[in-house]
């Protein structure tokens with residue numbers, strides 16, 4: 001089986017990681033018996049050239065879309081969405097459909113789908129659709145509508161009154177060029193469920209995100225500066241009932257959204273300990289050392305080395321897509 005990996009300047013922001021991560025994914029695929037190559041693209045023309053210059057069984061992209069600003073996930077305007085084109089021309093690819101990707105990249109759209117499906121979510125409004133002065137439910141939490149990896153999340157994200165909330169919403173609008181989301185502040189434990197595979201073969205791995213209380217400031221908020229520096233320790237929970245609930249809600253979420261192959265669902269407990277879904281990540285990070293997906297896989301397969309876990313995780317994601325697309329075997 002021949003696999004084409006696609007990445008670009010926005011790979012670390014939109015997708016699985018930087019070029020070093022892409023190289024490790026490439027090596028893991030080769031080690032698992034796949035033929036694989038990498039295309040680093042910066043334009044529509046380079047994308048079209050990469051996918052048409054030779055035949056591939058499957059394409060795996062780290063990019064949602066091609067945009068001028070590689071530092072932000074962005075709102076996804078009129079630029080080319082890679083999954084759109086691949087669907088149009090019938091090229092099989094790893095991951096969810098173009099429409100599902102658009103929904104997941106938009107936290108407000110994700111929230112609506114989940115809420116309509118009866119899945120517990122925090123109350124939420126968008127700054128471009130709401131009179132902020134009318135909101136009276138505090139504390140509230142303010143965040144960008146379209147970003148990932150806690151971008152824009154600081155202590156100031158927690159608002160205790162209208163003035164703080166309005167100020168933070170304007171900051172998001174001015175600095176991220178997108179609406180702010182104002183939602184219920186959830187002070188409890190944060191959970192992550194790594195979801196691998198499809199249908200009856202889907203696997204769900206729930207873990208707790210632990211942060212040393214000394215790393216927090218006023219609020220137990222996983223800020224952008226806590227990501228990627230070992231501040232967050234993942235662990236299995238002794239609360240089996242809550243772990244099962246996290247898995248149940250994650251499974252219902254991916255079913256409602258139509259997610260495929262590999263996604264990550266983040267949840268948090270409210271003041272009464274009830275779990276609510278806060279985000280679904282359509283292209284989880286795959287850094288071979290510190291990504292949450294790898295750390296979760298390693299936690300659940302502790303008899304294997306980190307390298308073995310990485311190779312198995314990468315092969316499993318691709319095999320899930322190949323099986324879904326009707327290929328007779330995952331590797332040759």
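The values are calculated or read from the model by the stated rules, or taken from the named source; none is laboratory data. The structure displayed is predicted, hence computed values, not measured ones. Heads up, the Cβs are rebuilt from the backbone with ideal geometry, glycines too, and the neighbour counts pull from every protein chain shown.
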Seminar exercise, completed: Only one of 49, 127, 134 is assigned by the TED database to the domain that holds residue 8, free of Cβ contacts under 8 Å to residues at least 60 places away in the same chain and more than 19 Å from residue 284 (Cβ to Cβ), namely 49
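Here are some residues: 109, 98. Which one is modelled with pLDDT of 95 or more and on the phi < 0 side of the Ramachandran plot? So that I can check it myself, show each step before the final result.
Numbers: 98 fails: modelled with pLDDT of 95 or more.
Testing whether each residue is modelled with pLDDT of 95 or more and on the phi < 0 side of the Ramachandran plot leaves just 109.
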Exercise. With 183, 173 as the choices, which residue is within 30 Å of residue 125 (Cβ to Cβ), part of a strand (DSSP E or B), touching a residue at least 24 places away in the same chain (Cβ under 8 Å) and out of contact with any helix residue (DSSP H, G or I) (no Cβ under 7 Å at 6 or more places or on another chain)?
Worked result: 183
For this session: Of the conditions (1) modelled with pLDDT of 95 or more; (2) within 16 Å of the chain's Cα centre (by Cα); (3) surrounded by fewer than 16 Cβ atoms within 10 Å (Cβ to Cβ), residue 224 clears all except one; give me its number.
Result: (1)
Exercise. (1) under 21 Å from residue 147 (Cβ atoms); (2) touching a strand residue (DSSP E or B) at 6+ places or on another chain (Cβ under 9 Å); (3) surrounded by fewer than 21 Cβ atoms within 10 Å (Cβ to Cβ); (4) modelled with pLDDT of 95 or more: which one isn't true of residue 86, the others all being true?
Worked result: (1)
Exercise. Which condition does residue 115 not pass, out of (1) touching a strand residue (DSSP E or B) at 6+ places or on another chain (Cβ under 9 Å); (2) in contact (Cβ under 8 Å) with a residue 24 or more places away in the chain; (3) part of a helix (DSSP H, G or I); (4) surrounded by fewer than 21 Cβ atoms within 10 Å (Cβ to Cβ), if it passes all the others?
Worked result: (2)
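Hey, which of the strands (runs of 3 or more DSSP E) in region 229-328, taking only ones fully inside, have at least 3 residues that are closer than 25 Å to residue 140 by Cα and in contact (Cβ under 8 Å) with a residue 60 or more places away in the chain? Walk me through it before giving the result.
Numbers: elements: 232-235, 262-269, 275-281.
The qualifying strands (runs of 3 or more DSSP E) are 262-269, 275-281.
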For this session: Output the residues belonging to region 186-221 that are in contact with a helix residue (DSSP H, G or I) (Cβ under 9 Å, 6 or more places away or on another chain) and surrounded by fewer than 13 Cβ atoms within 10 Å (Cβ to Cβ).
Result: 199, 201, 217, 218
Exercise. Of all residues in region 118-172, which are closer than 21 Å to residue 10 by Cα, touching a strand residue (DSSP E or B) at 6+ places or on another chain (Cβ under 7 Å) and surrounded by fewer than 19 Cβ atoms within 10 Å (Cβ to Cβ)?
Worked result: 151
For this session: Considering only region 227-259, state which residues are at pLDDT 80 or above and on the phi > 0 side of the Ramachandran plot.
Result: 258
